[in-house]
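The values are calculated or read from the model by the stated rules, or taken from the named source; none is laboratory data. Everything numeric here is computed off the predicted structure, so don't read it as measured data. Every residue, glycine among them, receives a Cβ derived from its backbone with ideal geometry; neighbour counts consider all protein chains shown. Side chains are part of the model used for accessible areas, which takes the heavy atoms of the whole protein and leaves out ligands, DNA and RNA. Shrake-Rupley method; radii C 1.70, N 1.55, O 1.52, S 1.80 Å.
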Amino acid sequence: MAELQAWLSERSVSGGVHRWRHDVDTDDALDASAAAGWRTMVLDSTDADDERTFLRECVTAFEFDDDLEADWDEVFDALVDLDAAEGLLVWWIGWQTLEEDDAETLAAAAEMFADVAHRWQADGGSGAVILVGEGDFEPGAAVTTADPSDEDDDEDVVSALDEDDELELD
């Protein structure tokens, strides 16, 4: 757990989608995050095997209004509106279900979260989404990121992240 605390304390996770390849107890992750000064949320998509159920899990996990349409645009807008001024980490567990059952939705979700994290930074905050546990999915190989300086620009720009943007600890 010392590696996790050091990583979080350095705030090297800010911006984007990252991997924490070790299993970590959710309470330990939340405690380590809080000790490092991060506000945290947990997204558990273990039971989400398609786009519709994943988006509903987001609405539930992030405590969005139940009337929120569970579509990509609505969830994106609601995520952008979360308070990331003091730093926000989202611990995403159970993403492996999507990897197995709907890889396209997993890739779209990672792109959405990368866009959200970049928007948080553009708005003066910081935050990231951390995929917890083993799996083959590699966020950041090519992610779609909206230009954070232009909120009205719906056109996405595909960019490759440096290897340094993804954490691999053994």
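Worth a mention:
- Residue check for R56: in contact with a helix residue (DSSP H, G or I) (Cβ under 8 Å, 6 or more places away or on another chain) and in contact (Cβ under 8 Å) with a residue 12 or more places away in the chain: no
- The criterion of being modelled with pLDDT of 90 or more, open to solvent by 50 Å² or more (accessible area, probe 1.4 Å) and not in a loop (DSSP other than H, G, I, E, B) holds for D77.
- Filter pass, E69 being open to solvent by 60 Å² or more (accessible area, probe 1.4 Å), out of contact with any strand residue (DSSP E or B) (no Cβ under 9 Å at 6 or more places or on another chain) and either under 15 Å from V129 (Cα atoms) or modelled with pLDDT under 90 (or both): yes
- Test for V42: is it surrounded by 13 or more Cβ atoms within 10 Å (Cβ to Cβ) and assigned to a strand (DSSP E or B): yes
- Here the condition is being of a type in the set (D, E, K, R) and either in contact with a helix residue (DSSP H, G or I) (Cβ under 9 Å, 6 or more places away or on another chain) or under 22 Å from W20 (Cα atoms) (or both); of D73, D77, D65, D81, it holds for D65 alone.
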